Structures are given as structure tokens and as C-alpha cells.
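Report on one structure; see the data block that follows.
The values are calculated or read from the model by the stated rules, or taken from the named source; none is laboratory data. The shown structure was predicted, so the numbers you read here are calculated from the model rather than taken from an experiment. Note that each Cβ is placed from the backbone with ideal geometry, even for glycine, and that neighbours are counted across all protein chains shown.
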Amino acid sequence: MNLSNLKPAEGSTKNRKRIGRGTGSGRGGTSTRGHKGAGSRSGKKTKIGFEGGQMPLQRRVPKVGFKNPNRVEYVGVNLDVLQELTEKYTLSTIDFATLQEHGLASKNALVKILGRGELKAKLDVTAHAFTATAQKAIEAAGGTIVKL
């Protein structure tokens with residue numbers, strides 16, 4: 001085999017349809033566009049979602065819900081996760097930088113401490129928000145809370 005006899009695999013390439021090249025071509029006349037109507041004319045464009053005059057899907061389906069523009073999204077971190085962190089890395093304080101370092105929060109995230117699991121270690125926790133159960137559990141273990 002050399003460069004002079006390279007060719008594509010059998011059946012992998014097709015010849016393109018040559019449209020509008022006379023009646024003898026089999027695709028002359030209307031050039032596969034049908035007779036009259038917008039589709040046969042040049043420059044034919046329809047709106048996205050246009051269904052030929054039928055009520056389009058985006059108008060048939062009812063509007064649902066409401067997006068609150070003032071919603072504050074928090075990244076939740078549970079007490080059992082904090083307990084695991086303290087056992088694994090022997091920590092006494094957990095702040096935003098620590099959570100970021102261990103991949104629990106991104107740099108622009110707001111962190112909320114949630115109350116799942118139990119906390120045995122005495123911790124000083126710094127976060128943007130706390131649930132009531134998390135706050136009680138941290139204080140019961142002898143820790144302190146600082147809201148950012």
C-alpha cells in the first residue's frame with residue numbers, strides 16, 4: 001500500500017444530490033421543493049417552534065411556577081460531615097477556608113450547617129447560616145458558633 005492507491009472504505013462516502021440541473025437529472029423542475037408555497041421560494045425562514053399555523057408546543061403547555069429573584073442558595077454541610085473532618089484531620093475550628101480546602105464549598109458559595117448526625121467533638125464553627133438543631137448540637141458539645 002502507498003499514497004497513490006489510498007481510497008475510502010467501500011460504502012463510506014456518497015455522492016451529493018445535484019439539485020436543479022435540468023429535467024434529465026431527475027431533480028430539475030421544482031428541485032425537490034414541491035409546488036408553490038413558502039417552502040418553494042428562496043429565503044424561506046420560519047420562526048423556531050413554528051408548526052405550520054397549529055398552536056405551537058410552547059404556547060399549548062401552561063405556564064408553571066415562579067422563580068424568586070431574591071432567593072439565597074446555601075451549600076448544606078451536615079454535622080456528621082463535620083464530625084468526620086474533625087476525626088480525620090484533628091481540627092478544633094472549622095471555618096469557610098477549611099470547608100473550601102476539603103472540597104465542601106466553592107469560593108463564592110454560602111455555607112449552611114445542617115443538623116443531620118451527631119457531633120461529639122468540641123468545635124468552633126464559622127459559617128453563613130445554621131439550622132436550629134445544628135446550633136443546639138454544637139453548643140451541647142461545648143462548641144461555639146460564629147455567623148459570617
Open item on the list: Being surrounded by 12 or more Cβ atoms within 10 Å (Cβ to Cβ), over 22 Å from Arg71 (Cβ atoms) and among the charged types (D, E, K, R) is the requirement here; does Lys112 meet it?
Closed with: no
Open item on the list: Looking at the structure I just gave you, is Leu79 under 31 Å from the mean Cα position of the chain (by Cα), in the same structural domain as Leu91 (by TED's automatic domain parsing) and at negative phi?
Closed with: yes
Open item on the list: Please go through segment 42-78 and give me each residue that is among the polar types (S, T, N, Q), surrounded by 10 or more Cβ atoms within 10 Å (Cβ to Cβ) and closer than 30 Å to Ile113 by Cα, ordered by number.
Closed with: Asn78
Task: Residues being outside any loop (DSSP other than H, G, I, E, B), at pLDDT below 90 and hydrophobic (A, V, I, L, M, F, W, C) - total across segment 1-33 - done: 0
TODO: Return yes or no: is Lys36 outside any strand (DSSP E or B), more than 29 Å from the chain's Cα centre (by Cα) and farther than 18 Å from Ala140 by Cα?
DONE: yes
Open item on the list: Going by what's in this entry, would Glu118 be described as farther than 15 Å from Lys147 by Cα and free of Cβ contacts under 8 Å to residues at least 12 places away in the same chain?
Closed with: no
